[in-house]
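The values are calculated or read from the model by the stated rules, or taken from the named source; none is laboratory data. This one's a predicted model, so the numbers in the text were calculated from it and none came from an experiment. All Cβ positions, even for glycine, are placed from backbone atoms using ideal geometry, and neighbour counts span all protein chains on display. Heads up: the accessible areas ignore ligands, DNA and RNA and are worked out on the full protein's heavy atoms, side chains in. Shrake-Rupley method; radii C 1.70, N 1.55, O 1.52, S 1.80 Å.
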Number of protein chains: 2
Amino acid sequence: MTAPSPGATPSAAATGPDPVFAALADPTRRQILQAVGGRGDATATELAADLPVSRQAVVKHLQSLAAAGLVGSERVGREQRYRLTPAPLDEALRWMVDVGAAWDDRLDRLRRQFDR
Amino acid sequence: MTAPSPGATPSAAATGPDPVFAALADPTRRQILQAVGGRGDATATELAADLPVSRQAVVKHLQSLAAAGLVGSERVGREQRYRLTPAPLDEALRWMVDVGAAWDDRLDRLRRQFDR
DNA sequence: CCAACGTGCAACCATTGGGTTGCGAATGTA
DNA sequence: TACATTCGCAACCCAATGGTTGCACGTTGG
């Protein structure tokens, strides 16, 4: 998944899953992520219209998301348009899958040892 | 993945991906999660020995994780043993995959429309 | 039985974080 | 040119959070 998604600078893609998890922690931020993904393109003002928070709050959230490399922005005229760059999700995803997998492995090993 | 994992009560599994994402936000908490998964079984005191924080801090983290349904605990003698219950990870995982997928769909649609 | 160990509870502290408001600067439009 | 948007910056507020310490209560083993 997640082709390089051209256009929109990824704004310093921040290494490691840390910032991604941190970014995903907030419900509003996840909502914003979904919204900008669904629209394909959005400004802070547009997003704020559909949310119970101020534009400035949305801006801050978008900055967090940008810091995690989950969105990129591009200035067009007098507005700043954001778009999704979901690549960093992969790393976080992998982390979770690994934890689950390691656990299942352990269960398997125990089970096998028990069957013997 | 993530079989029901018997034993150890899931401690009120909390609905929705919210508590899971919240739980995963903290690096120490993720470390604890990995540690308890790797050992298969651990107490707060044991975990604290390998971490740069106090036992009480670990206890608090374990409570967060339990609230998210990611660990279950079981009292054995005078110690409280925690174990991984990674099932709730699935929901969070799905959320992320969905966001990524929706985005890829949009890209595809745009590309197809452009080719025409 | 008593000492040692491990847990659980509570108070407290400092920092982070989400949110708001206000304002000045840049850009598009009548 | 004058007006209306839209943005970006800064200051400020309050609640949540990660962390600590101290202490009292069960449990185990010599």
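Among the candidates B:Arg112, B:Arg106, the residue that is more than 20 Å from B:Ala48 (Cβ to Cβ), outside any loop (DSSP other than H, G, I, E, B) and within 12 Å of another protein chain (Cβ to nearest Cβ) is uniquely B:Arg106.
Looking at A:Val53, A:Val71, which is the one that is more than 11 Å from DNA strand D (Cβ to nearest atom) and under 11 Å from the mean Cα position of the chain (by Cα)?
Working: A:Val53 fails: under 11 Å from the mean Cα position of the chain (by Cα).
Residue meeting the stated conditions: A:Val71.
Among the residues of segment B:24-45, those that are at the interface with chain A (Cβ under 9 Å from one of its Cβ atoms) and open to solvent by less than 30 Å² (accessible area, probe 1.4 Å) comprise B:Leu24, B:Ala25, B:Arg30, B:Leu33, B:Gly37, B:Gly40.
Could you list all residues from segment B:46-89 that are of a type in the set (Phe, Trp, Tyr) and open to solvent by 70 Å² or more (accessible area, probe 1.4 Å)? Write out each step before concluding.
The initial filter retains those residues of segment B:46-89 that are of a type in the set (Phe, Trp, Tyr), namely B:82.
Result: no residue meets the conditions.
Do we have A:Ala57 as small (Gly, Ala, Ser) and either within 11 Å of chain B (Cβ to nearest Cβ) or more than 10 Å from DNA strand C (Cβ to nearest atom) (or both) here? Talk me through it step by step, then tell me what you get.
Numbers: small (Gly, Ala, Ser): yes; either within 11 Å of chain B (Cβ to nearest Cβ) or more than 10 Å from DNA strand C (Cβ to nearest atom) (or both): no.
Against the criterion (small (Gly, Ala, Ser) and either within 11 Å of chain B (Cβ to nearest Cβ) or more than 10 Å from DNA strand C (Cβ to nearest atom) (or both)), A:Ala57 does not qualify.
The set of residues in segment A:14-46 that are part of a loop (DSSP other than H, G, I, E, B) and in contact (Cβ under 8 Å) with a residue 40 or more places away in the chain comprises A:Ala14, A:Gly16, A:Pro17, A:Gly40, A:Asp41.
Restricting A:Pro19, A:Pro88 to residues that are within 13 Å of DNA strand C (Cβ to nearest atom) and under 16 Å from the mean Cα position of the chain (by Cα) narrows the list to A:Pro19.
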